[in-house]
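The values are calculated or read from the model by the stated rules, or taken from the named source; none is laboratory data. What you are looking at is a predicted structure, and each value in this text was computed from that prediction instead of being measured. Because the Cβ atoms are built from the backbone with ideal geometry, glycine has one as well, and the counts that use them run over all protein chains shown. For accessibility, only protein heavy atoms count, side chains too; no ligands or nucleic acids. Shrake-Rupley method; radii C 1.70, N 1.55, O 1.52, S 1.80 Å.
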Amino acid sequence: MNPRLDALHPYPFEKLRGLLASGGTPPDGLAPINLSIGEPKHATPALVGEAINAHLNGLSVYPATKGTPALREAIAQWLARRYSIPAPDADTQVLPVLGSREALFAFTQAVIDPAADSLVVCPNPFYQIYEGATVLAGARPFYVNADPARDFNPDWNAVTEDVWRQTRLVFVCTPGNPAGNVMPLEDWRTLFALSDRYGFVIASDECYSEIYFDEGDAPLGGLQAARRLGRDTYKNLVVFSSLSKRSNVPGMRSGFVAGDAALMARFLLYRTYHGSAMSPVFAAASVAAWNDEAHVQENRRLYRAKFEAVTPILARVLDVRMPQASFYLWAPTPGCDQAFARDLYGRTGVTVLPGSFLARETRGVNPGAGRIRIALVAPLDQCVQAAERIVHFVQTSV
């Protein structure tokens, strides 16, 4: 077996199951409310199901690794509309993938030379795929702690030159998981300059880009930032996105990678052997989803209503505020985050995720400690119930 498998950390939800098992059973009569997992619960738009039913004959053919031309073009045109940029070349700068998670992992394997003593820079807290992909590619992760003073954006200038010399890949998550922070243009400028100096690749995970609350202020994206800064070829930049959150189809496993054509060509070669190709049935459904914005606006309206209802309730006892984007609240806890999550579940049936499970201790600090991630994915009434239970729990525990 690959010995690097032994270096993988348990997934956060595996840790959570063990933690909750140690804390007792919720009282009878309180229906459980799970706000720990970022799994969309809103209805899948009807147009997706209609497209699937209309293209079932696609099951009779092998899918192309590069995806269908129609899907690549739909993605390119969506990028152009969403970010007010010229459409990327659908033939050389866009690849459909089986969700952003699969692509983030595979791209890391394609980029890293395991013989080069490579480092991969990750935000901290982070999506654990970044770390696992790094370890299995034969590189070492280097964590840059989220800075609350910078709206939880990492301070790239705090990374030393010795680290940058060994860095082959930098993961960016914007909007961020768990804090919902959006990386500003000046941070992009800094990171692009560092990439030019040291030659590393930037992988921008943007799967939460369509969950925001001001229709006139959509989050800045990596390709958009590159264009604003005159980087029209997207040198050393690729972005990852997905329909899972945008269109409430996590089970369809549909997303894309777009950016630097030279990197995309090498990634396509890797994927040809990796065997990850999207079914023509889901490709047709994805075209329908990328071409429609009405259901996405409705999705945002539903999330906005939940945040507007829940945030004032929780603010009675926790220092919370609406994030710039995403469907998470990144809330500080009175005391240990793990004990808070364990006891909250045992007394109220509400499940949240300890922030320390999403981060690693580095330079003496776990930047997730003392916080919980609350995913407002349940129906509005359940989110409100959960918030009221959390308030009562805090008021009767402190």
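Brief remarks follow.
- A Gaussian network model of the chain, with springs between Cα atoms under 10 Å, assigns the largest mean-square fluctuation among Leu194, Leu59, Leu47 to Leu59.
- Summarising the label geometry, the points placed 7 Å from Cα in the beta-carbon direction at Asp214 and Ser60 lie 5.3 nm from one another.
- FRET E, pair Asp292, Glu186, Förster distance 41 Å, beta-carbon r, rounded to 0.05: 0.75
- Scattering curve values for the chain, log₁₀ I(q)/I(0), Debye with Cα scatterers, q = 0.09, 0.10, 0.14, 0.15 Å⁻¹: -0.54, -0.67, -1.30, -1.45
- Within a Gaussian network of the chain (alpha carbon springs, distance under 10 Å), most fluctuating of Arg342, Arg321, Arg17: Arg17
- Between Ala193 and Asp91, the simple label model (points 7 Å from Cα in the Cβ direction) yields a spacing of 3.8 nm.
- Heavy-atom accessible area for His55, with the other protein chains in place and a 1.4 Å probe, reaches approximately 80 Å².
- Surface share of carbon and sulfur [accessible, 1.4 angstrom probe, percent] for the range 89-220: 48
- Direction-averaged projected area, Cα convex hull, the range 344-387: 3.5 nm², rounded to one decimal.
- Evaluated with a Cβ-only charge set (Lys, Arg +1; Asp, Glu -1), the chain carries a dipole of roughly 280 debye about its Cα centre, given to the nearest 20.
- Selected from Asp162, Asp205, Asp337 as most flexible by GNM, with the chain as the system and alpha-carbon contacts under 10 Å: Asp162
- In degrees, nearest ten, helix 69-83 long axis to first principal axis of the chain (Cα): 60
- Our helix-only sum for the chain, with -39,500 (n - 2.57) per DSSP H run of n ≥ 4 divided by its residues, gives a mean residue ellipticity at 222 nm of -12500 deg cm²/dmol.
- Averaged per residue, the chain has 40 square angstrom of accessible surface, using a 1.4 angstrom probe with ligands and nucleic acids left out.
- Using alpha-carbon coordinates, inclination of helix 380-397 to the longest axis of the chain, degrees: 50
- Using a simple spin-label model with pseudo-atoms 7 Å out from Cα toward Cβ, Leu30 and Arg227 lie 5.0 nm apart.
- Against the chain, whose longest principal axis comes from its Cα atoms, helix 280-290 is set at around 70 degrees.
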